[in-house]
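Note sheet for the following structure.
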Amino acid sequence: MSRRPVLALAAAGALAVAGCGGRAGSATATRTQTVETTTRVEVVKQAGAKQGGFDPAGIYERESPGVVTVISGGLQDAAGSGAPGQSGLGSGFVISGDGEVATNAHVVTSGEGAAIREAREVFVRFQDGNQVPARVLGFDPFADVALLKVDPQGLTLRPLPLGSAKDLVVGSPVAAIGSPFGEEQSLSVGVISATGRSIQSLTGFDTTGAIQTDAAINHGNSGGPLLDNRGRVLGINSQIQTTTGDGSGVGFAVPVDTVKRSLDQLRTQGRARYAYLGVATARVYPQLAQQFNLPVRDGAWIQDITPGGPAAVAGLKAGSGNARFQGRSYAVGGDVITAVDGKPVRVETDLADVLATYRPGARVSLAIVRGGGRRNVEVRLGERPLDTPQR
């Protein structure tokens, strides 16, 4: 199976920009008018679930005006060239009255890793029919988040409220709004199928903490919001898992807490920076610990270390060899990371989640198990590269 971004490619010529103007050199007298344009920002009180239940119609009525279609033109290849007909279509949503719009990075870029290229032009189309150009203030290929900015003058903006994904419950109802296959302002509903998933980013690193849902997500839904029963954004719809290329009830959203961190950096710096340790790890579980005589029942077992990276400089040790257990190969003898600054690491995704809260250059104390002993190792974190280093 493969997990694919859900950007829809538009046909050549799908972008049309209409303009008007007078003829140069006309002798006809002209009259100057002063036209005042205003921005209208609508804030809708978030109602609770209808009679304690799930009200998709109410969610759609309140939040759909804040969901937009994002059109990207002149998508470029790795060499930086792009034909006018190469365009894409995704979704997005308004997040401020200043004209900020959130979407997926892959909606407004092409390529991966160090070869990522920004689209030559981006347009945002609102529910009321307005279509305006947008600037890409920045994009985060690690979290697949992009921040766009439109001129708010003359527009009615409906910012969507951002919730939290920290305490999600599997089985809770959710709604997705977007433009699947270009069918704009489409609503689909479902439940949270799982939390804490890892999905591929636009780099060699995974995005952790993703939300899995069975709400129908298809090509063109990329960048649209996944909403809870009160209409709060839980995440940005990003990928589907498929064997056919179409949605099959397994969709993934980047969690809103990750999105918030990304947007904060994109606003201030134009890019997002992530702390980097430089290790590859495997999850420790009771049977694995028993098989390899590990003195802990959970943690992140270091399998490989990037030469010259922060972990190598700090003296952390990776395993060696190739021992098979339960259908998988393991490098034996490496350190097991059990905590970062006192925060427990029970599985390998815990390590990535904790490190995501630090900035490059920060110093952290890792609690590790080496052989039968325990110790703390101080590490100065580096900055995550766009591509995973070759080992």
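Taken together, the values in this text are just the output of simple stated rules run on the coordinates, not laboratory data. None of these values were measured; they are calculated from a predicted model. FYI the Cβ positions are ideal-geometry reconstructions off the backbone, even for glycines, and counts take in every protein chain you see.
From the P(r) of the stretch 144-239, could you give the percentage of C-alpha pairs in the tail past 24 Å? When all Cα pairs of the stretch 144-239 are counted, 23 percent exceed 24 Å.
Between R363 and S248, residue separation times 0.36 nm minus the direct Cα-Cα distance comes to 37.1 nm. The peptide list 143-153, 222-232, 349-359, 274-284, put in order of mean Cβ contacts within 10 Å with the highest first, becomes 222-232, 143-153, 274-284, 349-359. Each peptide in 54-63, 320-329, 107-116, 201-210 gets a packing score, the mean of other Cβ atoms within 10 Å over its residues, and the list from highest to lowest is 201-210, 107-116, 54-63, 320-329. In this simple spin-label approximation, D128 and V41 carry label points 7 Å from Cα along the Cα→Cβ vector, and these lie 1.5 nm apart. A full extension of the chain between D98 and T388 corresponds to an added length of 100.8 nm, given 0.36 nm per residue minus the alpha carbon distance.
Counted over the stretch 313-391 with a bin width of 5 Å, the fraction of Cα pairs per bin, in whole percents, is 3, 12, 19, 25, 21, 13, 5, 1. Protection proxy ranking of 172-180, 296-304, 336-344, by the mean of other Cβ atoms within 10 Å over each peptide's residues and highest first, is 172-180, 296-304, 336-344. Approximating the spin labels as points 7 Å out from Cα along Cα→Cβ, the A115-to-V296 distance works out to 3.8 nm. A crude spin-label estimate for the pair Q269 and Q326, with each label 7 Å from Cα along the Cβ direction, gives 3.8 nm. Over all alpha-carbon pairs of the stretch 255-341, lay out the pair-distance distribution in 10 Å bins, whole %, shortest bin first. Per 10 Å bin, starting at 0, the Cα pair percentages come out as 15, 37, 25, 18, 5. Fewest neighbouring Cβ atoms within 10 Å first, the residues E348, E121, E378 line up as E378, E121, E348.
In plain terms, the chain from D167 to T195 could stretch by 9.1 nm, reckoned as 0.36 nm per residue minus the Cα-Cα distance.
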